[in-house]
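The values are calculated or read from the model by the stated rules, or taken from the named source; none is laboratory data. Note that the coordinates shown come from a computational prediction; the quantities given were computed from them, not determined experimentally. Don't worry about glycine lacking a Cβ; one is built from the backbone with ideal geometry, like all the others, and counts go over all protein chains shown.
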Amino acid sequence: MMQLQSFIGGRWVGREAAQTLRSAVNGQPVARTHAEAIDFGEALAYARGTGLPGLLALNFQQRAARLKALAKYLNERKEQLYAISAHTGATRADSWIDIEGGTGTLFAYASMGSAELPSGNLVHEGPVVPLSKKGGFAGTHILVPRQGVAVHINAFNFPIWGLLEKFAPTFLAGMPCIGKPATATSYLTEAMVRLVEESGILPPGSLQLVIGGTGDLLDRLRGSDVVTFTGSADTAAKLRVHPNLIRQSVPFNAEADSLNCAILAPDVQPGDEEFDLFVKEVAREMTVKAGQKCTAIRRAIVPRRHVDAVAAALKARLAKTVVGDPAFEGVKMGALASHAQQADVAERVALLRQGAEVVCGGEGFVPQGAGTAEGAFFPPTLLLAAHPMTNDAVHDIEAFGPVSTLMPYDDFDEALALAARGKGSLVGSLITKTPAIAAQAIPVAAAHHGRLLVLDREAAPESTGHGSPLPMLKHGGPGRAGGGEELGGIRAVKHYLQRTAVQGSPTMLAAVTGEYVRGAARIETEVHPFRRHFEELQIGESLLTHRRTVSEADIVNFGGVSGDYFYMHFDEIAAKDTQFGQRIAHGYFVLSAAAGLFVSPAPGPVLANYGLDTLRFVKPVAIGDTIQARLTAKRKIDRMKVDDKGVGQGVVAWDVEVTNQNGELVASYDILTLVAKRAAAA
């Protein structure tokens, strides 16, 4: 039996046994929590004094690289975690969601950080806004590390993913983290954190672990800190009003269990592919992780005329679900995470049954495998609330297990009203084959849901499903779901950064942001900026090109090359009737001509142009107009990559301004180039 320890102040704490944690499969003791009290003053001092400086000694790009290395390290040792995860009642497929879903989130944030964040510790959010007539005063927004500590309090159902999906953006943001998993499955989280510590990949103090209660931790937090919580709505409500969190204005983010729904649209009939998709989705959400998912479908909303067909199809599908010890061949659903959870689900089902009938669940239920009689198993249970509009309980009581309730509706407005009765949900699904129904329903349902899945036969082969939060999309929901927001791509990192408005001259803003700002002082040398290696190039280094007069032949030739014979370029009579009053050059000709003006054609450090950002054609260019380009090094990002010859590379964004003979801006954009570093000396 494992003796669990907390990881505090860079050491493992706890030798005296306290609470015994039992296997969800057979009731045998698995681990013991520790009795020693944690000194949270020490934990916070270590996070602030050791963790924070270590994290900020790295930049966004370097922290992204550490996340990637950690994901690889954990994946190489995942079988150790799978073996322990089996005690939680999870099948191999359930554990995959938790374990490899967790490392997959690390990989995702490593990739997003590398692609979207700078190589410093300041994000220039922009855009720069002029605040004066002559351009000498402007403002913008920056994001910087909060220089605080993140406390992550997690639920029992995803011991690994639950911590890693919060840790990844926190770490990227340069914030040390104290993780507190739910006690029932904390032995799996502890095993993962031991691997993290053994890896040596993270700076000391980046991650601490609390086994047991949080004691006076929340009383010690400051305004620069952050608290996140995943779990029940009731607990979230209590934590939200913690006196010190309120007094110190500590940001608090909650992701709470909710009564998520799936709606079978009225256009779907038995026999349709979408009908089968609905049945499959509801059954899957009832049985994956034994229904212990904050995103599981608790309310299945169906047309009244199809309720019997849906009930029969679900009953038949659930009857094929083999429940028992995940090690037993053929088992598709395991146990609830603990015996306390088993008792809680049974109590809540009893309350739901007061206003609903049982379609299936309980009859002759015997889990497969030796010793399972002492496990925390619960049968897949489908209820039917015949009159859900007048039944408050089915919209208020959540049985956090393999339980769902069928709810018939008479018209589609009633279906949407039933969805809203959940008082805020993490996710809802609409199964339909008609785009017009989706267009009608989604704007209405969006007011009450954090995420919405529209499922049809086209999406189904590649759909990740109703209950799968993805790193790229927001996870969280309004009302009962906690009113918070996690994940959502790089947005999650920004939740852990401080946004500040900065005002000053363009030159000062450029110095602060590390990016060239139009109107700021430029650096002009005799060396073409494209001849500079990555490390030599200075932000603000600029080139003003020679001029080029646009001729009719340019327009004719570009039309022949591009195949673009739009009337504005070729029809003199039609062009006179437009707002421009004359023929004008192709916008993309102007773009191409500008490239011809500023390019340095000989081989050099600039390896490739791989994109354009913020392109705008501001003013038309007519035959006889003369254009000129200004190229300025705007931003450098060192992604710490090398080519196949071992030569380093970085990304440079260049600000391009194309003007006419009157000095008026005609085109504006950024170009992105891959620029070589100097080869290391042999």
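Per-structure values
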read-out	value
Hits in the range 109-124 - residues which are touching a strand residue (DSSP E or B) at 6+ places or on another chain (Cβ under 9 Å), of a type in the set (S, T, N, Q) and not in a loop (DSSP other than H, G, I, E, B)	S114
Among the candidates R305, R298, residue that is without any contact (Cβ under 8 Å) to a residue 12 or more places away in the chain and in contact with a strand residue (DSSP E or B) (Cβ under 9 Å, 6 or more places away or on another chain)	R305
Condition check for V241: within 30 Å of G422 (Cα to Cα) and either crowded, with 16+ Cβ neighbours inside 10 Å or in the same structural domain as A337 (by TED's automatic domain parsing) (or both)	no
Given (1) under 30 Å from R299 (Cβ atoms); (2) in contact with a strand residue (DSSP E or B) (Cβ under 9 Å, 6 or more places away or on another chain); (3) among the basic types (K, R), index of the condition R518 fails	(1)
Selection from the range 472-522 of residues that are part of a strand (DSSP E or B) and surrounded by 15 or more Cβ atoms within 10 Å (Cβ to Cβ)	K474, H475, E486, L487, L497, V502, G504
Subset of the range 1-28 [in contact with a Ser or Thr (Cβ under 6 Å, 6 or more places away or on another chain) and within 15 Å of L188 (Cβ to Cβ)]	L4, A24
Residue, surrounded by the fewest Cβ atoms within 10 Å (Cβ to Cβ), within the range 619-637, restricted to residues that are touching a Ser or Thr at 6+ places or on another chain (Cβ under 8 Å) and not β-branched (V, I, T)	G624
The listed residue being surrounded by fewer than 18 Cβ atoms within 10 Å (Cβ to Cβ) and under 30 Å from R92 (Cβ atoms), out of A373, A399	A373
Test result for S258, among the polar types (S, T, N, Q) and either buried (at least 21 other Cβ atoms within 10 Å of the Cβ) or at negative phi (or both)	yes
Every residue from the range 24-45 that is crowded, with 22+ Cβ neighbours inside 10 Å, more than 20 Å from L195 (Cβ to Cβ) and in contact with a strand residue (DSSP E or B) (Cβ under 7 Å, 6 or more places away or on another chain)	I38, A43
Residue within the range 337-349 that is in contact with a Leu (Cβ under 6 Å, 6 or more places away or on another chain), touching a residue at least 12 places away in the same chain (Cβ under 8 Å), of a type outside the set (K, R) and within 22 Å of A262 (Cβ to Cβ) present	no
Only listed residue being within 23 Å of the chain's Cα centre (by Cα) and more than 21 Å from G482 (Cα to Cα), chosen from S206, S232	S206
Failed condition for K576, given (1) loosely packed, with under 15 Cβ neighbours inside 10 Å; (2) basic (K, R); (3) touching a strand residue (DSSP E or B) at 6+ places or on another chain (Cβ under 9 Å)	(3)
Condition met for S463 (closer than 29 Å to E273 by Cα, surrounded by 15 or more Cβ atoms within 10 Å (Cβ to Cβ), hydroxyl-bearing (S, T, Y) and at pLDDT 90 or above)	yes
Enumerated strands (runs of 3 or more DSSP E) restricted to the range 568-682, each holding at least 3 residues that are modelled with pLDDT of 95 or more and of a type in the set (K, R)	none
Pair list, Cβ under 8 Å, 6 or more apart: the range 595-606 residue in the same structural domain as E541 (by TED's automatic domain parsing) and among the aliphatic types (A, V, I, L, M), other residue surrounded by 14 or more Cβ atoms within 10 Å (Cβ to Cβ) and in a helix (DSSP H, G or I)	V599/F530; V606/F530
Members of the range 262-307 that are more than 15 Å from Y409 (Cβ to Cβ) and β-branched (V, I, T)	V279, V282, T287, V288, T295, I297
Residue in the range 198-205 that is in contact with a Phe, Trp or Tyr (Cβ under 9 Å, 6 or more places away or on another chain) and either at pLDDT below 95 or charged (D, E, K, R) (or both) present	yes
Residues located in the range 600-634, provided they are β-branched (V, I, T) and more than 39 Å from the chain's Cα centre (by Cα)	V621, I623, T626, I627
Single unsatisfied condition, V358 versus (1) surrounded by fewer than 18 Cβ atoms within 10 Å (Cβ to Cβ); (2) in a loop (DSSP other than H, G, I, E, B)	(2)
Residues being part of a loop (DSSP other than H, G, I, E, B) and of a type in the set (V, I, T) - total across the range 173-218	4
Residue within the range 147-163 that is touching a Leu at 6+ places or on another chain (Cβ under 9 Å) and part of a helix (DSSP H, G or I) present	yes
